[in-house]
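Please read the structure below before turning to the comments.
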Amino acid sequence: MSSTSSEKRDYYEVLGVPKNADKDQIKNSYRKLAMQYHPDRNKSPEAEEKFKEISEAYAVLSDDAKRSQYDRFGHEGIQGRYSTEDIFRTANFDEILRDLGFGGFGGFGGSIFDMFFGNMTGSGRGARRGADLRYDLDVTLEQVASGLSTEIEIPRTERCSVCRGTGAKPGSSPRVCTECGGRGQVQRVSSSGFAQFVRIETCRACRGKGEVLDNPCRDCKGSGTIQRTRKITVKIPPGIENESSLRLRGEGDAGEGGNTAGDLYVVCHVLPHKVFTREESDLRTNVPLDMASAALGTSVKVPTIDGAGAEIMIPAGTQNGTTLKLKGKGIPVMGSSNRGNELVTVNVTIPGKLTDKQKELLKQFKQIEEEKKKGFFKF
């Protein structure tokens, strides 16, 4: 591909479509841009790179699985999971380009396949980067507040230590596939009337690898990888959000033929809490209070996420549903020294049963309130 993931533009932006665009919108946008930037039509120096960019965006967004991976992980999810060949293989470029009058893959300068993949020859043509892996980790709200270092067990493929990932028996080497010349693909040419069609297929002799093993490694049986379960330490930073993913570079499956290993994505699921609910970096909780304390004012001890608890002053005349703030008693703001607040909502409780003395006192209280109202409205 023409640029690194950090330099790539968003695929939706490249095609000029919204993120909820359907397949017809994506296809129609690509058709318009292909007509504008196809090198057979546009001879400007930047046209070819632009055509590659829109074609790559279309190849990803027109495929449901690739689009889902891109929406979740961005460009890293695509580069980490698919080879360049995989990205372009499922897109219907032939159909679209023929409809536009460009003759499919044979339309300009030889093959569009060479434009996308380059003129690659030699062994290991089809070797792929290792697959990314996902691990779902449950964390408590207390662990979100304090941070967490934990060990997880990951089953994954690793490079065979005997053949060092080549797949060949020690002392031997893979040889270049004679069927495809090490490219990993072969071209099939067919004609229909005046039209000639070129179809790119994975080489059956080497299964797209560009290499043939005459003496495969006994330990990995020629795959270059073995299956193992590893314990990996994961550090969860304080303040992590629910459903956030942490990327551990190189901790995914091993790549083919000694290629780069994939990454491990640890997706954190914050468990519900019995006492607190979270609102970004703030925590909410409730405190029950009898009506006399609410009227007269008091101080009560409320729970805090660190378990220590804290005293909070209830002003006289506090109404039911009033929310008070404990500054700095919430969740740390991820990547910052700041911390959210604890928001305490007062729930004034009304007793269900009253003693005779309580009834008498409340009657006196009510009488006084009524007299106050009469005095207030007296002219």
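The values are calculated or read from the model by the stated rules, or taken from the named source; none is laboratory data. Every value quoted in this text rests on a predicted model; they were computed, and no experiment measured them. Note: ideal-geometry Cβ built from the backbone for every residue, glycine included; neighbour counts use all protein chains shown. SASA here: full protein model, heavy atoms, side chains in, ligands and nucleic acids out. Shrake-Rupley method; radii C 1.70, N 1.55, O 1.52, S 1.80 Å.
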- [ ] Take the Cα coordinates of the range 275-366, assign each an equal point scatterer, and use the Debye formula without solvent to give log10 I(q)/I(0) at q = 0.19 Å⁻¹.
- [x] -0.87
Open item on the list: Taking 51 Å as R0, compute the FRET efficiency from the Cβ-Cβ separation of LYS353 and THR150 and round it to 0.05.
Closed with: 0.55
TODO: Sticking with the crude label model, points 7 Å out along Cα→Cβ, report the distance from ASN20 to SER44 in nm, one decimal please.
DONE: 3.3
- [ ] Over the range 283-374, with every protein chain in place, what whole percent of the accessible area is carbon and sulfur at 1.4 Å, could you tell me?
- [x] 54
Task: Theoretical FRET efficiency, 1/(1+(r/R0)^6), r = Cβ-Cβ of ALA310 and MET35, R0 56 Å, to 0.05 - done: 0.25
TODO: Provide the three semi-axes, in whole Å and in decreasing order, of the ellipsoid equivalent to the range 224-347 as defined by the square roots of 5 times the Cα gyration tensor eigenvalues.
DONE: 47, 12, 10
TODO: Any chance you could run the full-extension gain for SER337 through THR90? It's 0.36 nm times the residue separation minus the Cα-Cα distance, nm to one decimal.
DONE: 84.2 nm
Task: Point-to-point label distance, SER68-GLU370, nm (Cα→Cβ direction, 7 Å offset) - done: 6.9
